[in-house]
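**Q** Here it is: the structure, laid out below.
The values are calculated or read from the model by the stated rules, or taken from the named source; none is laboratory data. Quick caveat: nothing in here was measured; it's all calculated off a predicted structure. We place every Cβ from the backbone using ideal geometry, glycine too, and count neighbours over all the protein chains shown.
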Amino acid sequence: MLVVGLTGGIATGKSSVSAQLKSFGLPVVDADVIARQVVEPGTPTLAQIVKHFGEDILHPDGTLNRQKLGSIVFNDESQRKVLNSITHPAIARKMFLSVLTYWLKGYNICIVDNPLLIEGGMHKWMGKVVVVYCSPELQLQRLRARDSSSVEAASSRIKAQLPTAEKLKHADIVVDNSGSPQDLQIQVDSLVRRLNKEIGWWRLNWLCPPIGIISAAWTLLWRHIRRLRQTPRKR
């Protein structure tokens, strides 16, 4: 099975691409959905969050007050790192089990939709990495329109994530969502055709483990080399 990592900055249109991929019948493991599941009342993850941040980040019914927690971590990198250290392992485990389930069901392709795919290092284990992109100016404009937020608030949320330009350095495929919905649809159609063409190679990897191991090692090495090439040299 070809596991494809899908990522992009906030308000770049990643969710639109994910929805279109679902319309093709491709299974999508959505990190945002799983992130909500792992912090439901009674879960060990929520208990750890409360232990660190206090019960003030809970609603009266015991559910997580995302807005209050967000106001803490978006403006404090150290607190954001603590939250990520609590939630990321739980999310990663559940995502792995979801991908495994689709593989056992016989799917040829599985999409892993994760806005923090690069930050969490999960991109290293994807067969392909797809990054959805738009200009920073358009990203800010879309976020403000979507959330009716101020320039300062929207900018703060964008800065809390790894810049999309940095994510592009890890991309095998880039979807440029700077145009119309029709333009995006054309690119997604092309993406699905490209992924379907690669299924045969990935089947061979699964059927012949030595080839799969060599292929995975080469993929990791090539991504590292490409990363080094894209990193500006200090003078």
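**Q** Out of all the residues in the stretch 69-76, is one or more surrounded by 19 or more Cβ atoms within 10 Å (Cβ to Cβ) and aromatic (Phe, Trp, Tyr)?
**A** Pass one, the stretch 69-76, residues surrounded by 19 or more Cβ atoms within 10 Å (Cβ to Cβ): none.
The answer is no, given that none of the residues of the stretch 69-76 is surrounded by 19 or more Cβ atoms within 10 Å (Cβ to Cβ) and aromatic (Phe, Trp, Tyr).
**Q** Turning to a different aspect of this structure: Report, by residue number, each residue of the stretch 5-32 that is out of contact with any strand residue (DSSP E or B) (no Cβ under 7 Å at 6 or more places or on another chain) and closer than 20 Å to Ser155 by Cα.
**A** Gly9, Ile10, Ala11, Ser15
**Q** Can you work out which of the residues in the stretch 108-153 that are without any contact (Cβ under 8 Å) to a residue 24 or more places away in the chain and not in a helix (DSSP H, G or I) is farthest from Asp32 (Cα to Cα)?
**A** Ser150
**Q** Let me ask something additional. Scan the stretch 58-68 and tell me whether some residue there is under 26 Å from His123 (Cα atoms) and not basic (Lys, Arg).
**A** No, there is no match, as no residue in the stretch 58-68 is under 26 Å from His123 (Cα atoms) and not basic (Lys, Arg).
**Q** Does Arg229 qualify as being surrounded by fewer than 16 Cβ atoms within 10 Å (Cβ to Cβ), modelled with pLDDT of 90 or more and more than 20 Å from the chain's Cα centre (by Cα)?
**A** On the way: surrounded by fewer than 16 Cβ atoms within 10 Å (Cβ to Cβ): yes; modelled with pLDDT of 90 or more: no; more than 20 Å from the chain's Cα centre (by Cα): yes.
In short, no.
**Q** Name the residue, out of Leu191, Leu184, Leu162, that is among the hydrophobic types (A, V, I, L, M, F, W, C), modelled with pLDDT under 95 and at negative phi.
**A** Answer to the check: Leu162.
**Q** Just the residues that are part of a loop (DSSP other than H, G, I, E, B) and in contact with a Lys or Arg (Cβ under 8 Å, 6 or more places away or on another chain), please, taken from the stretch 160-191. Even if it seems obvious, please write down each step before you answer.
**A** Here is the first cut: in the stretch 160-191, the residues part of a loop (DSSP other than H, G, I, E, B) are 160-163, 169-172, 177-180.
If the condition is that a residue be part of a loop (DSSP other than H, G, I, E, B) and in contact with a Lys or Arg (Cβ under 8 Å, 6 or more places away or on another chain), then Ala160, Lys169, His170, Asp172 are the ones that fit.
**Q** Looking at (1) surrounded by fewer than 19 Cβ atoms within 10 Å (Cβ to Cβ); (2) modelled with pLDDT under 95, find the lone condition where Gly62 falls short.
**A** With respect to (1) surrounded by fewer than 19 Cβ atoms within 10 Å (Cβ to Cβ); (2) modelled with pLDDT under 95, Gly62 is out only on (2).
**Q** So which residues in the stretch 102-133 are farther than 23 Å from Lys197 by Cα and surrounded by 21 or more Cβ atoms within 10 Å (Cβ to Cβ)?
**A** Passing the criteria: Asn114, Pro115, Leu117, Ile118, Met122, Tyr133.
**Q** State which residue pairs qualify: first residue in a helix (DSSP H, G or I) and inside the stretch 54-73, second residue basic (Lys, Arg) in any location, beta carbons under 6 Å apart, and separation of 6 or more residues or different chains.
**A** Ile57/Lys68; Val73/Arg80
**Q** Is it the case that some residue within the stretch 8-24 is over 29 Å from Leu138 (Cβ atoms) and of a type outside the set (Phe, Trp, Tyr)?
**A** No, because not a single residue in the stretch 8-24 is over 29 Å from Leu138 (Cβ atoms) and of a type outside the set (Phe, Trp, Tyr).
**Q** Hey, another quick one. Pick out the one residue from Val99, Val82, Val28 that is surrounded by 15 or more Cβ atoms within 10 Å (Cβ to Cβ), in contact with an Asp or Glu (Cβ under 6 Å, 6 or more places away or on another chain) and aliphatic (A, V, I, L, M).
**A** Val28
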